[in-house]
Amino acid sequence: MTFIRRFLGVVALAVSCTAAAEAPGVSRDEIVVGSIQDLSGPIALLGVPVRDGMLMRFEDANAAGGVHGRKLRLVVEDSGYDPKKAVLAARKLIQRDHVFAFLANLGTPVVMATMPIVVGAGRPHLFPFSPHESTYAPRHPLKFQMFAPYQDYMDAATRFMVQTRRYRQVCMLYQDDDYGLEVIKGVERALAALNQPLAAKTSYKRGATDLSSQIARLRGTGCDFVVLATVVRETVAAVAEARKIGWSVDMLVTASGYSAQTHELGGKTVEGLYGVSVLPHPYAEGASRPLADWIERYRKRFGAAPNVWSVMGYGAADLFVKAAERAGPELSVERFVAAMESLHTPRDFFGSPEYRFGPDNHLGNRHGRIAQIREGRWVILTDYLK
Amino acid sequence: MKGAVMPASGVVRWTAGVIGLVVLGALALRSLGLEYMLAQAAFVFTYAIAGLGVVLVVGQCGQIPLGQGALLGLGAYAETLLALRGVPAPVSLPLAIALGATGGWLASLPARRLGGLYFAMSTLAFALIVEEALVRWESLTGGAAGLAVPALALGSWSADTAAAQAALSLVALALAGFACRRWVASRLGRAWRAVREDEDAAAASGIDIGRAKMLAFVLGGGLAGLGGALYAHWIGFVSPEQFGLTLSFELLMLVFIGGARRLAGALWGALVVIAIPQAISLASEVLPPDLAAAVGLETLLFGAVVVAVVVLRPQGLAGRGSRSSG
């Protein structure tokens, strides 16, 4: 009994100490931020550059003296896209590493499983990579999103394309998951506004490599414009299949297919493909001076060329740094949230959109731009479409 | 290796195991915090429940189920849909178990005509059908977008802390383990082992092979259903992709690491599958930052641990040399 009493006493003391401490993860000279990435699972190709982008922004901030004298430290956990591992990672980051906030967690199952734990522990849940609406709506004081939702930007992009190019038969090829469903909603909303039906839609299962039957079906329907809710490999497969059977229909892919890998893998076959960009790919060739410097520094630091995911990671960390600076030297969750809710950032050298948050608006951007693959690289054609 | 030697070595082994676990637990508790440890324990116990089902099918009955993840999915979805409609846990959990068991029965039907690898392939096909159905039946399952799961509630009390989740999982595991012990020691258990060793000989001894296999799948499915139902609450979000082939293979790996022929193997296997990746993640913190950041390092180390276990203990962690029994 004595032992049990002592044990309970120690536990109670530990709990009360934790409860008494202000702003977890914030000490006199450090701010600890957590992130759950996929570094070994099916979307590790995205997770690694996102992590590196965030690391680089924090290292830049630290080199410039930190945020109000505090250095930033990023603790990254690998979920391998497994929600069970993610739940444990979230608890570890909260309990052991005492992170101040969670930044850019990656993958819908991961985000959906961990978000209640994160906000339940009173930590800000910032800019996750998930199309799920619940990452920003209904408004929750601790949830913020910066990545434009598929529904919104695909609505604007489809309207723009149909209005300017007068397509009559709009069709869709979509991945059979939450990503595909979100895109369908956006495209259908755009067509409803234009009084046009969606002529045909057909799906594929994630990881499919043969899209011949889907493309044949869309061609049979007489589509003159195909919206692709695909990721890189399927984008290339869809366009290649269409061209193989001699079908030169216009195609528009979401930001998930807007990647340098699309033209690296697809080569000449993907020439002319349209895409939506929510952040531009950092091409070294023709880059402005600050962008060229950034690319060079990234290459030296991580031994690889940056891509659009690196820019997203850098951008997410950049918003964190700006909000933390704005929150002042007495950093607390309340002050940070208040700073986030008044944050308005201008465009930067990457060509990113303006991010504008408010007390009633925790989604920083809703817009994307139309781009096209010309001579083996994405060329931005429009400004951000409202 | 028979007779009087076993009990003595067994006691030593058990004592060493328990002491080892306590020391590991104390160290982990000290460095990790209570909540994190309990959350981990909840997953270990939950996976062990599903693992017990696989032990019955693989270790006792000698069949290879490649679709056990889908049965977990059936339990998870049944529990989620019922909980969302306000059905209390004492009612919804048995229904989730029943759906898992029904799934197990369906998956076992081809066993009357197929054997060995062909039957294994049919369970794989069953898993694919279930996953596809979960995606397509959008009006019920929410399709690929998934469903949020409320906390497990018993009356006005809800299991929303890691401690409550771990405690409930432990109780469920204890009950499941107790039931499994009885089945394994019964006439049915002997029939399973006879089928496992030699189907023709078992048939010649008057054992209904089809029935024995069917019951292994039904009971294994029920355990998977229970594991799935708890898993859904602990994760708080279900989507079809979580219950795909990866989970089925993870469960198979779990029992082979733990020891497919012994019930304790399910717990040992779950401990390795859940805790080792966490331990590796913690250990990698002491490595130089550049090495620790190397992509795939944790997967590589986990693979090495699994290979080491399989090579050093081919009968699994709970296995006893080459001898096998219930």
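The range A:308-336 to the range B:28-57: how many Å between their Cα centroids? Cα centroid of the range A:308-336 versus Cα centroid of the range B:28-57: 36 Å apart. Among the DSSP helices (H) of chain A, those spanning at least 15 angstrom by Cα along their long axis with an average Kyte-Doolittle hydropathy of 0.0 or more are A:2-20, A:44-63, A:83-95, A:108-120, A:178-193, A:308-326; this is a geometric and hydropathy rule only.
The Rg/Rh ratio of the range A:65-126, with both radii computed over alpha carbons and Rh defined as the Kirkwood radius, is 1.00.
Taking a straight line from the alpha carbon of A:Lys143, these lysines sit under 18 Å away, with near neighbours fewer than eight places off in the same chain left out: A:Lys322. Cα convex hull, the protein assembly as shown: 176 Å³ per residue, rounded to a whole number. The fewest-to-most ranking of A:Lys201, A:Lys300, A:Lys322 by surrounding Cβ atoms within 10 Å reads A:Lys300, A:Lys322, A:Lys201. On the principal axes of its alpha carbon atoms, the range B:34-312 extends 62, 48, 35 Å, with the longest extent given first. Once the range A:301-386 is represented by equal point scatterers at the alpha-carbon sites, with solvent omitted, what log10 I(q)/I(0) does the Debye formula produce at q = 0.12, 0.15, 0.19, 0.24 Å⁻¹? So the normalised log intensities are -0.48, -0.69, -0.96, -1.23. Listed cross-link partners A:Lys84/A:Lys201; A:Lys71/A:Lys92; A:Lys92/A:Lys185; A:Lys205/A:Lys244 are compared with a 32 Å cut-off, the Cα-Cα value being larger for A:Lys84/A:Lys201; A:Lys92/A:Lys185. For the range A:177-256 and the range A:33-56, what is the centre-to-centre distance using only Cα atoms, to the nearest Å? That distance is 28 Å.
Report the calculated FRET efficiency for A:Phe349 and A:Leu45 (r = Cβ-Cβ distance, R0 = 25 Å), to the nearest 0.05. In this case the efficiency is close to 0.50. The simple spin-label model puts a point 7 Å past each Cα toward its Cβ; for A:His68 and B:Ala292 those points are separated by 2.7 nm. When chain A is treated as a Gaussian network with alpha carbon springs shorter than 10 Å, the biggest mean-square fluctuation among A:Arg301, A:Arg356, A:Arg73 belongs to A:Arg301. Modelled spin-label separation between B:Val11 and A:Glu296, with each label point placed 7 Å from Cα along the Cα-to-Cβ direction: 7.5 nm. Annotation: the antiparallel percentage among DSSP beta bridges lying fully within the protein assembly as shown is about 35. Note on chain A: along the principal axes its Cα atoms extend 80, 52, 38 Å, ordered by decreasing extent. When A:Val278, B:Val18 are sorted by how many other C-beta atoms sit within 10 angstrom of their C-beta, beginning with the fewest, the order is B:Val18, A:Val278.
Indicate the gyration tensor shape class of the range B:195-326 (rounded, prolate or oblate), computed on the Cα atoms with a ≥ b ≥ c the square roots of the eigenvalues: a/c under 1.5 is rounded; otherwise a/b larger than b/c is prolate and the rest oblate. Verdict is oblate for the range B:195-326. Note on the range B:231-302 and the range B:98-168: Cα centroid distance 20 Å, given to the nearest whole angstrom.
Values in this text are rule-based calculations from the coordinates and carry no lab data. The structure presented is a predicted model; accordingly, all values stated were derived computationally and were not measured. No Cβ is skipped: glycine too gets one built from the backbone with ideal geometry, and neighbour counts run over all protein chains shown.
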